[in-house]
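Working notes, beginning with the structure itself.
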Amino acid sequence: MSIVNFDGVGFVYKFWCNVFLRIETILPFSILRKFVFKKTDAFADKWVVFHTLFSLSTLITVHYFDIGLWGNIILGYAAIRVLEIVIYQINVLLFHPYKALIIEKRKAYILKNPYRSVVLLGHNFIEVIFWFTSLTEFVEPNGNRLLYNIMDNTIRIFTFNYEKVSNNDSGLQLLFFVEVICWMVLTIISLAKFIGELPHVHLSLETKKKKRYK
């Protein structure tokens with residue numbers, strides 16, 4: 001068990017903690033878990049698996065069919081879902097321990113299982129690729145094979161390259177830029193979480209020891 005001390009986090013950390021935790025509360029996962037699936041222990045796992053399959057099915061639909069105005073709905077939901085992934089992973093790494101130990105006054109902050117976290121984060125990576133590939137095909141269909149588009153999109157975000165677009169298409173370039181930024185954030189989170197820069201599988205709050213005077 002690791003010991004953590006939040007005494008010197010400062011007002012900047014507290015400010016962003018408040019911002020990110022508030023954003024999390026208005027996202028679909030938090031709302032459903034709080035009001036609909038309160039007693040479902042495996043809800044988080046089912047939510048991740050569902051969206052992995054849903055993002056893949058959306059990509060197939062966008063590639064092979066003309067979805068018309070439905071594309072705008074997909075565009076909006078994909079943006080919300082990617083935001084949800086990024087916000088939640090940032091909170092798990094940086095702000096959930098503070099919320100549990102300081103705000104909610106719990107005795108310890110414990111992740112269910114580190115191996116589970118690795119697998120779920122892997123699902124998030126795959127889902128982000130599918131969502132952004134779907135958005136790219138909706139914004140600018142190119143007629144290439146579906147597998148080629150997935151590979152091209154994956155290579156672009158792994159190499160942090162968003163320049164593969166004409167200068168006139170500012171909308172698509174903005175989409176690529178957001179995609180690269182989201183992937184970069186998730187990559188930093190995964191490195192920090194699983195290489196050991198900020199380990200917190202099991203945390204408890206450090207208590208101040210009273211000084212003894214003779």
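The values are calculated or read from the model by the stated rules, or taken from the named source; none is laboratory data. Just so we're clear, the structure is a prediction, and the values are computed from it rather than from any experiment. Glycine also receives a Cβ, built like all others from the backbone with ideal geometry; neighbour counts cover every protein chain displayed. Ligands, DNA and RNA are stripped out before the accessible areas are found, and what is left, the full protein with its side chains, is counted by its heavy atoms. Shrake-Rupley method; radii C 1.70, N 1.55, O 1.52, S 1.80 Å.
No other residue among Phe37, Phe6, Phe11, Phe20 is in contact with a helix residue (DSSP H, G or I) (Cβ under 6 Å, 6 or more places away or on another chain) and open to solvent by 70 Å² or more (accessible area, probe 1.4 Å) apart from Phe37.
Being over 25 Å from Pro114 (Cβ atoms), part of a loop (DSSP other than H, G, I, E, B) and hydrophobic (A, V, I, L, M, F, W, C), is that true of even one residue in region 2-9?
Start the filter on region 2-9 by keeping residues that are over 25 Å from Pro114 (Cβ atoms), which leaves 7-8.
Filter once more, keeping what is part of a loop (DSSP other than H, G, I, E, B): 7-8.
Okay, now just the ones that are also hydrophobic (A, V, I, L, M, F, W, C), so none.
Within region 2-9, none of the residues are over 25 Å from Pro114 (Cβ atoms), part of a loop (DSSP other than H, G, I, E, B) and hydrophobic (A, V, I, L, M, F, W, C).
Scanning region 90-128 for residues that are open to solvent by less than 20 Å² (accessible area, probe 1.4 Å) and closer than 20 Å to Thr154 by Cα, which turns out modelled with the highest pLDDT? Among those that are open to solvent by less than 20 Å² (accessible area, probe 1.4 Å) and closer than 20 Å to Thr154 by Cα, it is Glu127. Taking every residue in region 122-149 that is in contact (Cβ under 8 Å) with a residue 60 or more places away in the chain and pairing it with any residue that is open to solvent by less than 40 Å² (accessible area, probe 1.4 Å) and assigned to a loop (DSSP other than H, G, I, E, B), at least 6 positions away or on another chain, the pairs with Cβ-Cβ distances below 8 Å are Phe138/Ile67. Within region 52-74, the residues that satisfy the criterion of being modelled with pLDDT under 90 and aromatic (Phe, Trp, Tyr) are Tyr64, Phe65, Trp70. Taking (1) over 16 Å from the mean Cα position of the chain (by Cα); (2) surrounded by fewer than 17 Cβ atoms within 10 Å (Cβ to Cβ); (3) among the aliphatic types (A, V, I, L, M); (4) at pLDDT 90 or above in turn, Val49 satisfies each apart from (1).
The residue of region 52-82 that is farthest from the chain's Cα centre (by Cα), among those that are touching a residue at least 60 places away in the same chain (Cβ under 8 Å) and under 24 Å from Ser190 (Cα atoms), is Leu56. If you go through region 23-34 and pick out every residue that is open to solvent by 50 Å² or more (accessible area, probe 1.4 Å) and under 13 Å from the mean Cα position of the chain (by Cα), you end up with 1. Does region 117-149 hold any residues that are farther than 22 Å from Ile80 by Cβ, assigned to a helix (DSSP H, G or I) and not hydroxyl-bearing (Ser, Thr, Tyr), and which are they? The answer is Val118, Val119, Leu146, Leu147, Asn149. Applying a threshold of 8 Å to beta carbon distances and a minimum spacing of six or more residues, or different chains, the list of pairs starting in region 15-33 at a residue that is over 15 Å from Gln89 (Cα atoms) and free of Cβ contacts under 8 Å to residues at least 12 places away in the same chain and ending at one that is assigned to a helix (DSSP H, G or I) and open to solvent by 40 Å² or more (accessible area, probe 1.4 Å) reads Ile31/Thr25.
Counting only helices (runs of 4 or more DSSP H) that fall entirely inside region 11-90 and contain at least 1 residues that are touching a Lys or Arg at 6+ places or on another chain (Cβ under 7 Å), the qualifying elements are 43-64.
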